[in-house]
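*Asks:* Quick one: the structure is below, questions incoming.
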Amino acid sequence: MAIVFDSKETVFFVGGDAYTGQVSTVQPGGCTKAFYDDEGVALDLSKIMGADGVALIGVVNGTPSGGNTLTKADAFGSAKPGMIAYLFGTHVDLHGRHEILTVPDANTITFAALTFIGVTADVTCNIGGAYDLLQTAVDGSDAQTNNVFIFDNRNGSPEQQIDFDTTGGNIGNNTQMIIEGFHTLPGDMNKGGTYYQSPLDALTNGVDVTCSRNHDGEAVASDLFSIDNFDGLVIKNFYVHNTSQGVGYNCVEFLNSPYNISFINCKFDDAYQAFAGAIYTLKLDSCYVGNDFAHSTQSSLVSSGGSCVNCVFNGDGSSYCFRNDYATYSQCLFYKSDSGVYCIRGNNFESCIFYGQKVCCIGVISGTTANVCGHNNIFMPAAAAVIVVYSATATGSVSDDTLTNSCIWTVADVAVTNHISIIGELKQLSSVTEANPQFVDALNNDFRLLPTSPCLNTGKSTIGNSNDDEGYTNMGAWQRKSFLGMD
């Protein structure tokens, strides 16, 4: 791998400056992260690429001289230190990506840590530009020593499956590969950007493909993302969907237990499952998981640690919503389904909303490690007979003090008859509020709390509680202290 990855944080692009993306197979360069930040590349992609993502500078038959120097008459007028060139040719010591060190004049550039062999004019040099495929960008990068950032706006899926298997981050070096989808400019799909779509909006209005990097598997008989022993991966703003839904053909498959994988503002749907396999520490942040899966659960993750924050799990018409072992769920919405979360090992629930479940909100606990705990949740199943936490065969633990400061009511606007049923033994939770939580408009997925809600300022007390309203949080995913309007 080229020396730039050993010395600097780097930035590369897939697609280019147009949302349709370029289709050139020419190997591009990129830039260092410092150049990206200092030059404001995120606001002007023309600083690093030509139209449709072509290389900013493309040179053939460049002449090496002076060990690390490349010359070509009037070729390098727009080159700058910090740009990355892809170099190849018989007289290139290390084929691959190298940082431009200096630009003495329009005819000359020098490289850091590179020695040309001989002086024959046969060097090809592509400076800047964008990859045509995400797979090529992933395989052409190396995040073992320094972080790698890949910005991708290649619309559609010319590649149905992406294999993450060789060039990931390194736990010892605390490095990551960060892949971020964008529409027109990097950042415009992030929260607050022009093309941001929240997970709740995806539930209400369907996924808007212009607001995510649309990775459509086109009904392929394979996993769409295969993450095999590839650590330190962050994927942002992707819509991963549409396998054949055959057994085992998932949106994401984890192999050989990778470490520290994050999906941020991503959507998943139309597959056998959204996630499968084993992983150490998975984070889902502001993600939407749809309800078109062939399996009875949206995932069957075996995970050691991890969290799901601000996510929406749409279980409408499904047997179960999500499974993620040993995870903490915070400010998530579990929407409908027969049974909500599938809990087979320890899970913690904080400020979540369970809405419209038909059998139980948390269910099918099995194993001695299947412990449920949490606080500030709102449980609002469909009817009085629905159990909040249920298992027919469990040997795990759900005690009276494990789900404190929560609200329990039903969509039918009556109380839940039995809170817990474990192996036929019924229990009631004492530290709960049994009253309508008073959402603004739950039927239309508006789960904000009205100013008269019993869930406002009645959640878990804070560390500085002084026995007044300022010392308490809210129940549910809406965390404003008071509701001042419908904005």
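*Asks:* Name the residue, out of ILE344, ILE353, that is within 26 Å of the chain's Cα centre (by Cα), β-branched (Val, Ile, Thr) and more than 24 Å from ASN474 (Cα to Cα).
*Replies:* Selected residue: ILE344, the only one of ILE344, ILE353 that is within 26 Å of the chain's Cα centre (by Cα), β-branched (Val, Ile, Thr) and more than 24 Å from ASN474 (Cα to Cα).
*Asks:* Here's another thing I want to ask about it. Take VAL247 and tell me if it is in a strand (DSSP E or B), without any contact (Cβ under 8 Å) to a residue 60 or more places away in the chain, over 23 Å from ASN347 (Cβ atoms) and among the aliphatic types (A, V, I, L, M).
*Replies:* No.
*Asks:* To continue, here is another question. Can you run down the residue pairs with Cβ atoms below 9 Å, 6 or more apart or on separate chains, where the first is in the range 55-73 and basic (Lys, Arg) and the partner is part of a strand (DSSP E or B) and surrounded by 22 or more Cβ atoms within 10 Å (Cβ to Cβ)?
*Replies:* If the second residue must be part of a strand (DSSP E or B) and surrounded by 22 or more Cβ atoms within 10 Å (Cβ to Cβ), the pairs left are LYS72/GLY62; LYS72/ILE109; LYS72/VAL123; LYS72/CYS125.
*Asks:* Here's another thing I want to ask about it. What do you reckon, is THR145 under 24 Å from LYS47 (Cα atoms), touching a Phe, Trp or Tyr at 6+ places or on another chain (Cβ under 9 Å), touching a residue at least 24 places away in the same chain (Cβ under 8 Å) and surrounded by fewer than 20 Cβ atoms within 10 Å (Cβ to Cβ)?
*Replies:* no
*Asks:* I'm checking my understanding of the structure. Among residues of the range 107-136 that are of a type in the set (A, V, I, L, M, F, W, C) and over 18 Å from PRO81 (Cα atoms), which one is surrounded by the most Cβ atoms within 10 Å (Cβ to Cβ)?
*Replies:* Within the range 107-136, the match that is surrounded by the most Cβ atoms within 10 Å (Cβ to Cβ) is ALA130.
*Asks:* When only residues in the range 422-460 that are free of Cβ contacts under 8 Å to residues at least 40 places away in the same chain and among the polar types (S, T, N, Q) count, which is nearest to ASN205 (Cα to Cα)?
*Replies:* GLN438
*Asks:* Still on this model: Starting from residues that are surrounded by 23 or more Cβ atoms within 10 Å (Cβ to Cβ) and modelled with pLDDT of 90 or more, keep the ones in the range 300-313 and report whichever is farthest from SER244 (Cα to Cα).
*Replies:* The selected residue is CYS308.
*Asks:* Residue under question is PHE322, and the condition is that it be outside any loop (DSSP other than H, G, I, E, B), of a type outside the set (Gly, Ala, Ser) and out of contact with any Asp or Glu (no Cβ under 8 Å at 6 or more places or on another chain); does it hold?
*Replies:* no
*Asks:* Testing GLY77 on (1) over 22 Å from GLU9 (Cα atoms); (2) surrounded by 20 or more Cβ atoms within 10 Å (Cβ to Cβ), one condition comes back false. Which one is that?
*Replies:* Of everything listed in (1) over 22 Å from GLU9 (Cα atoms); (2) surrounded by 20 or more Cβ atoms within 10 Å (Cβ to Cβ), GLY77 misses just condition (2).
*Asks:* Right, another one. Could you please give the count of residues in the range 325-335 that are outside any loop (DSSP other than H, G, I, E, B), crowded, with 22+ Cβ neighbours inside 10 Å and of a type outside the set (A, V, I, L, M)?
*Replies:* 3
Let's see how each residue does on (1) of a type outside the set (Lys, Arg); (2) assigned to a loop (DSSP other than H, G, I, E, B); (3) surrounded by 14 or more Cβ atoms within 10 Å (Cβ to Cβ); (4) in contact with a His (Cβ under 8 Å, 6 or more places away or on another chain):
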{"residue": "THR410", "(1), (2), (3), (4)": "yes, yes, yes, no"}
{"residue": "ASP413", "(1), (2), (3), (4)": "yes, yes, no, no"}
{"residue": "ASN418", "(1), (2), (3), (4)": "yes, yes, yes, no"}
{"residue": "SER430", "(1), (2), (3), (4)": "yes, yes, no, no"}
{"residue": "PRO437", "(1), (2), (3), (4)": "yes, yes, yes, no"}
{"residue": "LEU443", "(1), (2), (3), (4)": "yes, no, no, no"}
{"residue": "SER453", "(1), (2), (3), (4)": "yes, yes, yes, no"}
{"residue": "LEU456", "(1), (2), (3), (4)": "yes, yes, yes, no"}
{"residue": "GLY459", "(1), (2), (3), (4)": "yes, yes, yes, yes"}
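*Asks:* Quick check on my filter: what residues within the range 102-152 are touching a Pro at 6+ places or on another chain (Cβ under 7 Å), in a loop (DSSP other than H, G, I, E, B) and over 18 Å from VAL92 (Cα atoms)?
*Replies:* The answer is GLY128, GLY129, ALA130, LEU133.
Conditions (1) part of a strand (DSSP E or B); (2) closer than 24 Å to TYR195 by Cα; (3) free of Cβ contacts under 8 Å to residues at least 60 places away in the same chain; (4) not small (Gly, Ala, Ser), marked per residue:
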site: PHE254; (1), (2), (3), (4): yes, no, yes, yes
site: PHE263; (1), (2), (3), (4): yes, yes, yes, yes
site: PHE268; (1), (2), (3), (4): yes, yes, yes, yes
site: GLN273; (1), (2), (3), (4): no, no, yes, yes
site: ALA278; (1), (2), (3), (4): yes, no, yes, no
site: THR281; (1), (2), (3), (4): yes, no, yes, yes
site: LEU284; (1), (2), (3), (4): yes, yes, yes, yes
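*Asks:* Restricting the first residue to the range 76-94 and requiring it to be acidic (Asp, Glu), which pairs with a second residue that is buried (at least 17 other Cβ atoms within 10 Å of the Cβ) and in a strand (DSSP E or B) meet a Cβ separation below 8 Å and a spacing of at least six or different chains?
*Replies:* ASP93/PHE116
*Asks:* Another question about this same structure. Of the residues in the range 376-425, how many are over 34 Å from the mean Cα position of the chain (by Cα) and among the polar types (S, T, N, Q)?
*Replies:* Adding up the residues that qualify gives 4.
*Asks:* Could I ask something else about it? Condition first: among the β-branched types (Val, Ile, Thr), within 26 Å of ASN146 (Cβ to Cβ) and either in contact with a Leu (Cβ under 7 Å, 6 or more places away or on another chain) or not in a helix (DSSP H, G or I) (or both). Now tell me which residues in the range 34-89 satisfy that.
*Replies:* Those that are among the β-branched types (Val, Ile, Thr), within 26 Å of ASN146 (Cβ to Cβ) and either in contact with a Leu (Cβ under 7 Å, 6 or more places away or on another chain) or not in a helix (DSSP H, G or I) (or both): ILE48, ILE57, THR69, ILE84.
*Asks:* Could you tell me which residue of the range 235-244 is nearest to the chain's Cα centre (by Cα), considering only residues that are of a type outside the set (Val, Ile, Thr) and assigned to a strand (DSSP E or B)?
*Replies:* LYS236
*Asks:* I would also like to ask the following. Can you pull out the residues in the range 336-352 that are aliphatic (A, V, I, L, M) and either surrounded by fewer than 24 Cβ atoms within 10 Å (Cβ to Cβ) or part of a loop (DSSP other than H, G, I, E, B) (or both)?
*Replies:* Matches in the range 336-352: ILE344 only.
*Asks:* Exactly one condition in (1) of a type in the set (Val, Ile, Thr); (2) touching a Cys at 6+ places or on another chain (Cβ under 9 Å); (3) farther than 28 Å from ILE353 by Cβ is false for VAL240; which is it?
*Replies:* VAL240 satisfies all of (1) of a type in the set (Val, Ile, Thr); (2) touching a Cys at 6+ places or on another chain (Cβ under 9 Å); (3) farther than 28 Å from ILE353 by Cβ except (3).
*Asks:* To continue, here is another question. Do the conditions hold for ASN265, that is, is it buried (at least 24 other Cβ atoms within 10 Å of the Cβ) and on the phi > 0 side of the Ramachandran plot?
*Replies:* yes
The values are calculated or read from the model by the stated rules, or taken from the named source; none is laboratory data. Here the structure is a predicted model, which means the values were calculated and not measured. A quick note on method: Cβ atoms are made from the backbone with ideal geometry, for glycine too, and the neighbour counts reach across all protein chains shown.
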